[in-house]
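First comes the structure, then the notes that go with it.
The values are calculated or read from the model by the stated rules, or taken from the named source; none is laboratory data. Worth saying up front: this structure is predicted, and the values here are computed from it rather than measured. Neighbour counts are summed over all protein chains in view; Cβ atoms, including those assigned to glycine, are modelled from backbone coordinates with ideal geometry. What goes into the accessible areas is simple: the full protein's heavy atoms, side chains included, and nothing from ligands, DNA or RNA. Shrake-Rupley method; radii C 1.70, N 1.55, O 1.52, S 1.80 Å.
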Amino acid sequence: MPHPPSQGYGVASIQRRKRQNRIFLFVRLSDYKHRMPEFPPEEVTPFVFSDPTGKRWPRLRLILLIGGVLFFLGTVLFVQTLFVTPHMNVPFSLRQLKGQLKALQKENPAGQLSVSSLLWQKFSAARQAARKLAGPAPTTSPRPRKKSPDNEVRLAFYTNGDPYSYASLQQHAAQITHLCPEWMTVMNGMGDLQIDGDTRLLKLAATKGIALMPLLTNLVGDTWQPEAIENLAHGPPARRDEFIQRVLSVLRSAKASGVVIDWQQIDPAYKKDVTKFIDKFADALHDDNKELWLCVQPGQELDYIDFDALSDNVDRFVAMLFDETSDTDPPGPLASRSWFEGWLRVLLQDSDTKQWIIALGSYGYDWTIGAKKAELISFSEAMSRANDAEIKSAEVAGPSYSPYFYFQDEDKEHAVWFLDAATFLNQLREARDQKAGGFALYRLGSEDPAIWDALSVPRDFKFDNQTRQSLELIKSTDTITDVGDGEIVTVDEDRMDGMRKLAVDGDGYLTA
């Protein structure tokens, strides 16, 4: 006969309670005690995963998390080493030597002429061949230019919005004969003009007796617009007439003596159209007692200019003999001796040399190695960066006679090439020897201040004591220079003069 169920028989109840994140299971087994063998407490072995305190799982979870993060970071670093070139922090002296070797290779790689040097030779050969094919000289313009005067032109390029450009103009106005400020831009093929002139120049130029020659370009923002000029030259005659009248109106308002044209990247296919356009433009300016000067960029930019056809009507050609290495090229000289002298002699060959103005650069470029474009800097900024990087010296010496230095800014390597008073004097002497009509300074505000003391230096570079002292002392100026980049600016008001040691080498060139 079965026993009636009683309250403690079998598994009578299961209770769950949660305390401090732990779950306890209570089982009453009172009625089964007679079925289970009893063991002394000391003979009971705990289960291997038993965790009465509940601390093991949180610790295991933390260890797994840390291990997973470390594994992930290790994997990322390993993959990175497969694709990123390892960087070794080479001592600065070795980087400087590496830069010098690069410069020598650029100037004379394995004894071969550089590509830029070959361009002026190619241009010379093409010009001579064209003259032979052309036969007799073309008939002169019905309203030809006036004969170029014998006095030396001293043209200065001026940058709008640059306070140092205006300050330099004020300080050296007495040594300038002509001023070329940024003024007009051809916006499109309809001949629309953007006017951006510094009106302060009107009074200053009139007071100092400086001839104002506003610049007319096809540079819109940072991009050249050759289509604007090509469409004007190839378009209806009425459109060109309206454009010329618009320019004349601007020049009359500014009481200017003429205009300086700087049109670049023109397709040589429009050479004849552009030649007729410039010819007509010059005639209109001459009728208004004004002059037309045309900028000549050495290199393939010359292909659209017909010098023989324009020489009777264009009043002056301005040879822009700088930027041998542009801001988008790898680091290199801005106007090496062979490049400068080669282009100078080719351009002035078989021409009225007095018609030519030779533009000399006085500025610098700071290339960040690996970047797409260099930063245009002034001579003062070049000196500040050299001082900040603890560069002890830079040389003006053969064969390029172009100073430069390399430095490290945090993890970035920089190359700085620049032009100074010594390079200016070597180039100015060559231009005068070729009997050019004058020189132009590119540009006010970025120049080495010592060039103004150098204008009266004799050809043999025999300095009197006063001139030598003024040239060899690199004076600190009021120019505020920018070194480095970032969002936090630290102002350093310390000033320090530099020194330049001048000498004449065996070839008769000025070294520093």
Answer yes or no as to whether Leu302 is buried (at least 17 other Cβ atoms within 10 Å of the Cβ), modelled with pLDDT under 95 and in contact with a Phe, Trp or Tyr (Cβ under 8 Å, 6 or more places away or on another chain).
-> yes
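Matching residues to (1) out of contact with any Lys or Arg (no Cβ under 8 Å at 6 or more places or on another chain); (2) assigned to a strand (DSSP E or B):
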{"site": "Cys295", "(1), (2)": "yes, yes"}
{"site": "Asp312", "(1), (2)": "no, no"}
{"site": "Asp329", "(1), (2)": "yes, no"}
{"site": "Ala335", "(1), (2)": "yes, no"}
{"site": "Gly342", "(1), (2)": "yes, no"}
{"site": "Ser351", "(1), (2)": "yes, no"}
{"site": "Leu360", "(1), (2)": "yes, yes"}
Hey, can you tell me all the residues within region 497-512 that are open to solvent by 80 Å² or more (accessible area, probe 1.4 Å) and within 13 Å of Ala422 (Cα to Cα)?
-> Met499, Lys501
Complete set of residues in region 158-192 that are among the acidic types (Asp, Glu) and over 21 Å from the mean Cα position of the chain (by Cα) | Asp192
Which ones in region 431-458 are among the charged types (D, E, K, R), within 21 Å of Trp339 (Cα to Cα) and over 27 Å from the mean Cα position of the chain (by Cα)?
-> Arg432, Asp433, Lys435
Residues that are open to solvent by 40 Å² or more (accessible area, probe 1.4 Å) and modelled with pLDDT under 95: which helices (runs of 4 or more DSSP H) entirely in region 404-488 hold 3 or more of them?
-> 465-472
State whether the residues of region 466-483 include one that is without any contact (Cβ under 8 Å) to a residue 24 or more places away in the chain, within 29 Å of Gly342 (Cα to Cα) and more than 24 Å from the chain's Cα centre (by Cα).
-> no
Single residue of region 157-180 satisfying the filter (assigned to a loop (DSSP other than H, G, I, E, B) and touching a helix residue (DSSP H, G or I) at 6+ places or on another chain (Cβ under 8 Å)) that is nearest to Arg240 (Cα to Cα) = Thr159
Considering (1) at pLDDT 60 or above; (2) among the small types (Gly, Ala, Ser); (3) open to solvent by 60 Å² or more (accessible area, probe 1.4 Å), say which one Ala110 fails and leave the rest.
-> (1)
Quickly run through region 375-403 and pick out the residues that are open to solvent by 60 Å² or more (accessible area, probe 1.4 Å) and more than 19 Å from Val491 (Cα to Cα).
-> Glu375, Leu376, Lys392, Ser393, Glu395, Pro399
Give me a count of the residues in region 301-332 that are in contact with a helix residue (DSSP H, G or I) (Cβ under 7 Å, 6 or more places away or on another chain), under 30 Å from Ala397 (Cβ atoms) and not hydrophobic (A, V, I, L, M, F, W, C).
-> 2
